[in-house]
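Below: one structure, written as structure tokens.
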Amino acid sequence: MIKFENITKKFKDKKVLKDISFEINKGHLVAFIGASGCGKTTTLKMINRLIKPSSGKIFINGEDIEKKDVIALRRNMGYVIQQTGLFPHMTIKENIEIIPKVEKKNKDEITKRTMELMEMVGLNAKEFLNRYPTELSGGQQQRVGVARAFATDPEIILMDEPFSALDPITRVGLQEELIDLQSHLKKTIVFVTHDMDEAIKIADMICIMKDGEILQYDTPENILKNPVNEFVSEFVGKNRIWTSPEFIKAEDIMLDSPVSCLSNLTLNRCLEKMRSNKVDSLMVVESKTKKLLGIINAKKIQETLDRSKEVNEVMETNLISVEPNDSIIDILQLVEDNNVSTVPVLDKNKRLLGLITKSSLVTTLSQQFIDTEEGMLS
Ligand SMILES: Nc1ncnc2c1ncn2[C@@H]1O[C@H](COP(=O)(O)OP(=O)(O)O)[C@@H](O)[C@H]1O
Ligand SMILES: [Mg+2]
């Protein structure tokens, strides 16, 4: 959709973008994040040609934007900036309708669209349309800014720290509204921010920049879990994963090779196997497919008098299990609701991939507190 190919930018002798390349998929929201002066705004402004690269090419839908008519290019892009950019001498209605009017769209259609947009950004049309920007709070003005960016139903929306100047509560409200809008409108959104929480919350992909270079361009999950270097992990914050525990997945905390046995093993043999492996339960699997058939625990065997029986006669087959992508939050809930101490991790075909035990959960959770304490000491 949007593609940067070896883009550099020099202001006089200063290189502010150093050969950056990346692609943004259609319908994605990508957050560019980094310290002040690292080149985020410069990158953004190249997309609507407010800044021209010193070298390299930018493509939108495969077309070199340098070869496109700049007016047509910008018409297909909404632009929201921190200082709203609303015209102070125009009413809210006039501000929103300025571009549709320039495009000479039908008047009734424009009005209808304005009403929809106000609704979309959570502002009462009757109350606000005839006011002037200064008669609105910062958050309300920013909502109008967002509405205006969507007015021409553009394919791409550029947002440069749109919520940074707002108080935290208003900011969170607008972030949530943007997530909501994006979930049904699926625009391609390039969003500049310096707030990691904001990026993690709203973005499909995060691009971390430093001194005109891209350090990591990845999903929020990977940025949290696998920062490419010390700078990224410092930037993200060591304990950040704990503010987003939904990113901790079953596969991250499971034991990889749980002790298992076949269904025709006798209970006596099962006990032996438990003893030698120092475990109190066995996963009973089908030999070829590794499909999980049941679980047997030591207590159950102790209750059974005839230990020459095969495990398939007494094993528990009513199983609570999770998939590799289930989050630690869901797993904790499951353990609590079902009062189980082990949860097998199965793939779509019910094959056994690993095992989560109460103790692996506790270890993971206590890690949080250890890390936090270290963090507090340092
Ligand atoms: N018009 C300009 N002339 C000279 N230097 C500029 C200009 N615009 C930006 N810069 C410099 O380029 C660097 C990147 O700026 P910018 O893209 O605005 O950073 P960010 O948005 O990440 O804070 C900064 O060092 C800034 O001072
Ligand atoms: Mg900037």
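The values are calculated or read from the model by the stated rules, or taken from the named source; none is laboratory data. Just so it is clear, the model here is predicted, and its values are computed rather than measured. Note that we place each Cβ from the backbone using ideal geometry, even for glycine, and neighbour counts take in every protein chain shown. These accessible areas exclude ligands, DNA and RNA; they are computed on the full protein's heavy atoms, side chains included. Shrake-Rupley method; radii C 1.70, N 1.55, O 1.52, S 1.80 Å.
Yes or no, residue by residue, for (1) open to solvent by less than 10 Å² (accessible area, probe 1.4 Å); (2) in contact (Cβ under 8 Å) with a residue 24 or more places away in the chain; (3) away from ligand 2 (no atom under 16 Å from the Cβ):
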residue	(1), (2), (3)
His28	no, yes, yes
Ala35	no, yes, no
Ile47	yes, yes, no
Leu50	no, no, no
Asn61	no, yes, yes
Ile71	no, no, yes
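Annotation for region 94-111: no member residue is open to solvent by 60 Å² or more (accessible area, probe 1.4 Å), closer than 22 Å to Thr193 by Cα and not in a helix (DSSP H, G or I). Output yes when any residue across region 4-22 is within 24 Å of Ala151 (Cβ to Cβ), of a type in the set (D, E, K, R) and either modelled with pLDDT under 95 or within 16 Å of ligand 2 (Cβ to nearest atom) (or both), and no when none is. No, region 4-22 contains no residue that is within 24 Å of Ala151 (Cβ to Cβ), of a type in the set (D, E, K, R) and either modelled with pLDDT under 95 or within 16 Å of ligand 2 (Cβ to nearest atom) (or both).
Would you check which residues across region 9-46 are over 19 Å from the mean Cα position of the chain (by Cα) and more than 12 Å from ligand 1 (Cβ to nearest atom) and list them?
Answer for region 9-46, where residues must be over 19 Å from the mean Cα position of the chain (by Cα) and more than 12 Å from ligand 1 (Cβ to nearest atom): Asp19, Ser21.
Residues of region 218-266 that are surrounded by fewer than 17 Cβ atoms within 10 Å (Cβ to Cβ), β-branched (Val, Ile, Thr) and at pLDDT below 85: Thr243 alone.
Against the definition (open to solvent by 20 Å² or more (accessible area, probe 1.4 Å), of a type outside the set (Phe, Trp, Tyr), modelled with pLDDT under 85 and more than 16 Å from ligand 2 (Cβ to nearest atom)), how does Ile169 come out, yes or no?
Yes.
Would you mention how many residues in region 56-77 are more than 16 Å from ligand 1 (Cβ to nearest atom), among the small types (Gly, Ala, Ser) and modelled with pLDDT of 90 or more? Total satisfying the criteria: 1. The criterion of at least 3 residues that are within 16 Å of ligand 1 (Cβ to nearest atom) and under 23 Å from Lys45 (Cα atoms) is met by the following helices (runs of 4 or more DSSP H) wholly inside region 168-228: 196-202. Is it true that Arg148 is crowded, with 20+ Cβ neighbours inside 10 Å and charged (D, E, K, R)? Here the answer is yes, as Arg148 does meet what is asked.
The number of residues in region 290-328 that are surrounded by fewer than 12 Cβ atoms within 10 Å (Cβ to Cβ) and within 39 Å of the chain's Cα centre (by Cα) comes to 3. Checking Thr134, Thr114, Thr91 one by one, the residue that is modelled with pLDDT of 90 or more and open to solvent by 30 Å² or more (accessible area, probe 1.4 Å) is Thr134 and no other. Taking the condition within 30 Å of Leu123 (Cβ to Cβ), assigned by TED's automatic domain parsing to the domain that holds Lys14 and at pLDDT 90 or above, does Val190 pass? Yes: the conditions hold for Val190. Checking each residue in region 117-150 for being in a loop (DSSP other than H, G, I, E, B) and over 33 Å from the mean Cα position of the chain (by Cα) picks out Leu129, Asn130, Arg131, Tyr132. Being assigned by TED's automatic domain parsing to the domain that holds Val236 and either touching a strand residue (DSSP E or B) at 6+ places or on another chain (Cβ under 7 Å) or exposed (fewer than 15 other Cβ atoms within 10 Å of the Cβ) (or both) is a description that does not apply to Ile200. Of the residues making up region 40-54, those that are within 16 Å of Ala72 (Cα to Cα), among the aliphatic types (A, V, I, L, M) and outside any loop (DSSP other than H, G, I, E, B) number 2.
Going by the structure shown, is Glu103 without any contact (Cβ under 8 Å) to a residue 40 or more places away in the chain, assigned by TED's automatic domain parsing to the domain that holds Leu174 and away from ligand 1 (no atom under 15 Å from the Cβ)? The answer is no for Glu103. The set of residues in region 7-26 being surrounded by fewer than 17 Cβ atoms within 10 Å (Cβ to Cβ) and either under 16 Å from Lys210 (Cα atoms) or in contact with a Phe, Trp or Tyr (Cβ under 9 Å, 6 or more places away or on another chain) (or both) consists of Thr8, Lys10, Lys14, Lys15, Lys18, Asp19, Ser21, Phe22, Glu23. Does region 155-166 include one or more residues that are away from ligand 1 (no atom under 16 Å from the Cβ), assigned to a helix (DSSP H, G or I) and open to solvent by 10 Å² or more (accessible area, probe 1.4 Å)? Scanning region 155-166 turns up no residue that is away from ligand 1 (no atom under 16 Å from the Cβ), assigned to a helix (DSSP H, G or I) and open to solvent by 10 Å² or more (accessible area, probe 1.4 Å).
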